[in-house]
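The values are calculated or read from the model by the stated rules, or taken from the named source; none is laboratory data. Since the structure is predicted, the reported quantities are computational estimates derived from the model, not experimental observations. As a convention, Cβ positions derive from the backbone with ideal geometry for all residues, glycine included, and neighbour counts pool all protein chains shown.
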Amino acid sequence: MDRKNIESFFVRAAKVRALVIGDLMLDEYLWGRAERISPEAPVQVVDIVAEDLRLGGAGNVVNNLCALGCRVSVCSVIGADDNGTHLCHVFSGMGVDTDAVFEDPARRTGKKTRVLAAHQQIVRIDRESTEEISAACEGRIIAYLEAEGASFQVFVVSDYLKGVLTPRVLQAIISIGKRLGIPVVIDPKGSDYEKYRGGTIITPNRKEAEQASRTTIADDASLCAAASRLLAELDLAALLITRSEAGMSLFNANGQTLHIPTVAREVFDVTGAGDTVLAVLSLGLAAGLDYADAARLANIAAGIVVGKLGTSTVSPAEIMAEVSRDHRDSDTKIKNLDVLSGLMEAEKRRGKRIVFTNGCFDLLHVGHVKYLQKARSFGDLLILGLNSDASIRRLKGEKRPLIGEDERAHILAALDCIDYVVVFTEDTPIDLITALKPDVLVKGGDYSLEGVVGRELVESYGGRVELVSFVDGKSTTSIIEKILESYS
């Protein structure tokens with residue numbers, strides 16, 4: 001995936017409704033200093049200096065999805081206790097729908113307390129219920145899925161083996177998802193994966209995949225053998241195995257395999273990384289990405305989150321920064337229209353004057369540069385609508401363009417006078433002009449005002465058209481002719 005398509009993904013992600021189903025708990029962190037041994041027993045004494053209470057389990061998946069910008073509902077069973085009340089209060093503050101979080105006075109809301117000193121865990125204390133939820137609670141979850149399931153674009157299943165995701169509940173989730181055409185993305189636990197049969201995709205780590213497939217994974221061959229067994233036995237559409245420092249491996253039911261290397265810079269804590277993978281993969285599939293691109297995006301997010309201490313989330317801005325490493329200057333200027341239109345609305349609210357021009361710009365030359373510099377002088381931001389390869393072929397014949405649209409876009413984006421580049425496939429830029437509503441529309445001096453596409457639209461809301469003369473004797477055609485003459 002390139003940068004502009006990931007930006008577009010995040011625009012679509014804001015419209016996604018995701019339902020997270022699974023075990024909810026709280027993660028408590030007690031940070032301190034361990035500088036002496038207790039006189040009562042040969043153990044460290046930890047002087048607590050800071051405390052933090054975070055969403056854990058399926059709640060961390062919810063947190064990740066919210067951080068990525070989509071709308072989230074959560075379905076689970078909690079205890080009628082202070083921890084459960086706190087969970088619902090936090091969800092409410094995040095704008096998360098908790099209509100399907102059901103209370104059972106016989107259960108305890110899970111809470112894991114971690115004591116840390118010098119960036120290391122000293123001890124973990126668990127307080128929780130792990131037995132399966134009652135038949136009555138199962139019925140309430142299934143009734144909710146039947147009534148509300150169609151309003152979601154993805155079911156995100158986060159299993160921590162704490163009793164919420166019983167075989168009956170899991171099979172209801174999977175069958176309802178299939179009936180409604182909604183992907184069911186599952187982070188599995190344990191060694192018996194039969195209860196996940198028919199899910200869309202599951203995301204075990206290497207150890208979990210070994211246990212579930214009854215196959216020792218020692219190399220790529222045994223990895224593929226384990227994946228093939230799981231895909232066949234569980235009737236999955238795809239399988240994503242996370243492999244720690246080795247990255248991830250995606251296996252499709254159609255036989256395709258994709259190994260994705262890790263992008264982690266420095267690992268501080270892998271706590272919650274699986275939740276991040278689950279969240280990003282789920283959101284990717286819900287927002288229209290294929291399995292490969294959704295997995296690549298999840299891998300990038302995982303690489304970021306393991307560089308943080310404690311269960312953490314990753315933001316769209318952090319993902320975009322990571323994606324932009326290779327082309328930090330040019331990539332940031334190349335946008336898809338859905339992203340660019342939102343940016344321009346914000347710029348106009350700040351009082352910026354927007355200038356728009358368009359063209360093929362095949363074999364960039366000094367005439368182009370002078371023209372673009374002049375166009376930029378008419379306002380605060382210059383947007384260049386760049387003809388796609390297909391549209392150039394329709395305009396100029398099958399031998400053009402000489403340079404592909406991706407290369408042309410990056411070359412033009414490197415110019416200081418251009419603020420944004422957007423590629424269009426239509427024969428005219430009227431759709432771009434309609435969406436962006438520039439204050440100034442610029443065309444070459446070889447046009448008449450009457451012949452400028454979009455002139456009437458721009459003038460209708462108070463904008464204007466400017467015609468800029470080209471440098472004499474400078475054109476792509478003349479360059480081509482000179483090359484042919486010199487080397488014929």
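Flag set for GLU266, criterion: of a type in the set (Asp, Glu), more than 12 Å from ASN205 (Cα to Cα) and at pLDDT below 95.
For region 324-396, which helices (runs of 4 or more DSSP H) that fit wholly inside it have 1 or more residues that are hydroxyl-bearing (Ser, Thr, Tyr), touching a residue at least 24 places away in the same chain (Cβ under 8 Å) and out of contact with any strand residue (DSSP E or B) (no Cβ under 8 Å at 6 or more places or on another chain)? Full working, then the answer.
Details: elements: 337-349, 366-376, 389-396.
Here the list reads 337-349.
What do you reckon, is VAL164 closer than 18 Å to VAL62 by Cβ and not in a loop (DSSP other than H, G, I, E, B)? No; evaluated as a whole, the condition is false for this residue.
The set of residues in region 1-29 being over 18 Å from ILE319 (Cα atoms), acidic (Asp, Glu) and part of a loop (DSSP other than H, G, I, E, B) consists of ASP23 alone.
Yes or no: region 63-76 includes at least one residue that is over 30 Å from ALA294 (Cα atoms), in contact with a Ser or Thr (Cβ under 9 Å, 6 or more places away or on another chain) and not basic (Lys, Arg). No: region 63-76 contains no residue that is over 30 Å from ALA294 (Cα atoms), in contact with a Ser or Thr (Cβ under 9 Å, 6 or more places away or on another chain) and not basic (Lys, Arg). Counting residues in region 33-53 that are in a loop (DSSP other than H, G, I, E, B) and crowded, with 24+ Cβ neighbours inside 10 Å gives zero. Looking only at residues in region 138-151 that are touching a residue at least 12 places away in the same chain (Cβ under 8 Å) and out of contact with any helix residue (DSSP H, G or I) (no Cβ under 8 Å at 6 or more places or on another chain), the one that is nearest to CYS66 (Cα to Cα) is SER151. So LYS195 ticks every box in (1) surrounded by fewer than 22 Cβ atoms within 10 Å (Cβ to Cβ); (2) touching a helix residue (DSSP H, G or I) at 6+ places or on another chain (Cβ under 6 Å); (3) farther than 29 Å from GLY79 by Cα but one. Which box is left unticked? Evaluating LYS195 over (1) surrounded by fewer than 22 Cβ atoms within 10 Å (Cβ to Cβ); (2) touching a helix residue (DSSP H, G or I) at 6+ places or on another chain (Cβ under 6 Å); (3) farther than 29 Å from GLY79 by Cα leaves (3) as the failure. Restricting the first member to region 1-17 and to residues that are under 21 Å from PHE155 (Cβ atoms), and the second to residues that are among the hydroxyl-bearing types (Ser, Thr, Tyr), the beta-carbon pairs closer than 8 Å and six or more apart or on different chains are ARG17/SER73; ARG17/SER151. Within region 432-463, the set of residues being charged (D, E, K, R), over 17 Å from LEU372 (Cα atoms) and either assigned to a loop (DSSP other than H, G, I, E, B) or touching a residue at least 12 places away in the same chain (Cβ under 8 Å) (or both) comprises LYS437, ARG455. Among the residues of region 57-78, those that are crowded, with 24+ Cβ neighbours inside 10 Å and not in a helix (DSSP H, G or I) comprise GLY57, LEU68, VAL72, VAL74, CYS75, SER76, VAL77, ILE78.
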